[in-house]
Amino acid sequence: MLVLLPPSQGKTGAAEGEPVDLRALSSPGLTPTRRRVLSAAARLSRTRAGREALGAGSEQLRPEAERTTRWRTEPAVPVAELYTGVLYDALDPASLDDGARERAVERLLVSSAAWGALRLDDRVPPYRLSMGVALPDLGGLAALWREPLRAALDPLAAGRLVVDCRSADYAAAWTPRGGTASRTASVRVLRESGGKRSVVSHMAKHTRGLVARACALEPSAPTTPEELRDLLAAALPPLVRDATAASVRGADEVAVELGAPAKDGRRALDVVLR
C-alpha cells in the first residue's frame, strides 16, 4: 500500500542540527530536480517581488521565505515532525507505536513542490514553496516534476494499492497509469446534511489525516480498493468519534463508499460524514 499525502503550508524547524544530506534522501533519482528547484526558489526568495510570487510577500511570512534561501545550511528535521496543520495533527505520527511508525515510513509518501516526494523519515529543512508556483527558467512545478516523479514513483507503486489523499495541484505532478490506476483509490471527504453532500475543507483535511493514520495502524495492508473500503469502514468511526470527543468538529456517523472505475481505472473512495 502507498498512501500519497499533500504537504502543509505550516512547517516547524529546529534551532540547531545537521543540514540536509541530499544523498541520504529516499528516491535519489529526484536529486537533480531537487537541486534545480531549491536553487531557483532560493534566488526568488531573496527579493520582495520574488517572495510575493511565492505567496510570502508579507513581513509576517518573510522569515519563512528566507529559510528557503538557506536550504543548504538550515537544520534538517524528520518529515514526520516538519509539517504542521490539520491533516498532520490528525495523523499524529509522534503518537504511533513502533510498529505503526515503521509502517507509516514504509506506506506514507508526502508530495512536495521542493523535494518531489518524501518519506516520513527523510530529513529536510523548512521551506516555502507550493506546487502551483512557476519558477523563473523552470516554469510550472507540476509540469517540471512530472517526468522525474514518473521515473521514481511508477516502479515504487507497481503492484501496490495507491491511496491518493493529495490535493489537485499535487495530484497533477504524478498520475497513476495502467495497472496502478486500477489499484488507485482517490479519497474524497463529504459532509452530508439534510440529504445534501458538500465539501468542507477543514474537515476534509482532518479526515484524510485519519485515513493515513488508519493505514499506518493496520498491520495487514489492503491490496485492493475494496479491501481499503472495508478497512476504513471499520477503522474510521472510532477515530472520528475520538476527534469529536476532543472538541474537533467531527461527525456522529461515518460511511465509506467506493465508486465505479473511471475511464483510466481509478476509483473515488468517498468518506461521508453525517
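For the reader, a short list of remarks on this structure follows.
- Of the residues making up segment 179-204, those that are in a helix (DSSP H, G or I) and at pLDDT below 95 number 4.
- Annotation: residue 220 fulfils all but one of (1) surrounded by 16 or more Cβ atoms within 10 Å (Cβ to Cβ); (2) among the small types (Gly, Ala, Ser); (3) in a loop (DSSP other than H, G, I, E, B); the unmet one is (1).
- For first residues located in segment 7-24 and among the β-branched types (Val, Ile, Thr), partners that are assigned to a loop (DSSP other than H, G, I, E, B) and lie 6+ apart or on another chain with Cβ distances below 6 Å form the pairs 12/84; 20/76; 20/125.
- Residues of segment 43-57 satisfying the condition of being under 23 Å from the mean Cα position of the chain (by Cα) and either in a loop (DSSP other than H, G, I, E, B) or among the basic types (Lys, Arg) (or both): 54, 55, 56
- Considering segment 96-148, and only residues there that are among the charged types (D, E, K, R) and in a loop (DSSP other than H, G, I, E, B), the residue that is nearest to the chain's Cα centre (by Cα) turns out to be 119.
- Residue check, residue 261 surrounded by fewer than 21 Cβ atoms within 10 Å (Cβ to Cβ) and assigned to a loop (DSSP other than H, G, I, E, B): yes
- Any hit, segment 58-72, residues being in a helix (DSSP H, G or I), β-branched (Val, Ile, Thr) and over 30 Å from residue 156 (Cα atoms): yes
- Where a residue in segment 198-215 is farther than 12 Å from residue 92 by Cα and its partner, wherever it lies, is at pLDDT below 90, with Cβ under 8 Å and at least six apart: 202/249; 203/249; 203/250; 207/240
- Exactly one residue among 172, 243, 181 is within 18 Å of the chain's Cα centre (by Cα) and either of a type in the set (A, V, I, L, M) or surrounded by fewer than 17 Cβ atoms within 10 Å (Cβ to Cβ) (or both), and that residue is 172.
- Considering 211, 271, 240, the condition of being aliphatic (A, V, I, L, M) and in a strand (DSSP E or B) is satisfied by 271 alone.
- Here segment 65-93 is the region considered, the condition is being touching a residue at least 40 places away in the same chain (Cβ under 8 Å) and more than 20 Å from the chain's Cα centre (by Cα), and the residue that is farthest from residue 24 (Cα to Cα) is 65.
- Residue match in segment 125-141 (condition: of a type in the set (D, E, K, R), surrounded by fewer than 16 Cβ atoms within 10 Å (Cβ to Cβ), more than 25 Å from residue 176 (Cβ to Cβ) and in contact (Cβ under 8 Å) with a residue 12 or more places away in the chain): yes
- Test: residue 199 is over 15 Å from the mean Cα position of the chain (by Cα), buried (at least 18 other Cβ atoms within 10 Å of the Cβ) and among the β-branched types (Val, Ile, Thr): no
- All conditions but one from (1) surrounded by 13 or more Cβ atoms within 10 Å (Cβ to Cβ); (2) in contact with a strand residue (DSSP E or B) (Cβ under 7 Å, 6 or more places away or on another chain) apply to residue 25; the one that does not is (2).
- Set 154, 164: member being surrounded by fewer than 15 Cβ atoms within 10 Å (Cβ to Cβ), in contact (Cβ under 8 Å) with a residue 24 or more places away in the chain and acidic (Asp, Glu): 154
- Residues in segment 179-205 that are over 18 Å from residue 225 (Cα atoms), of a type in the set (Lys, Arg) and touching a Leu at 6+ places or on another chain (Cβ under 7 Å): 191, 197, 205.
- Meets criteria (surrounded by fewer than 16 Cβ atoms within 10 Å (Cβ to Cβ) and over 27 Å from residue 165 (Cα atoms)) for residue 102: no
- Yes/no for residue 61 being within 30 Å of residue 243 (Cβ to Cβ), surrounded by 15 or more Cβ atoms within 10 Å (Cβ to Cβ) and over 18 Å from the mean Cα position of the chain (by Cα): yes
The values are calculated or read from the model by the stated rules, or taken from the named source; none is laboratory data. Just so it is clear, the structure is predicted and the values come from calculations on it, not from any experiment. Counting neighbours? That spans all protein chains shown, and the Cβs are built from the backbone with ideal geometry, glycine included.
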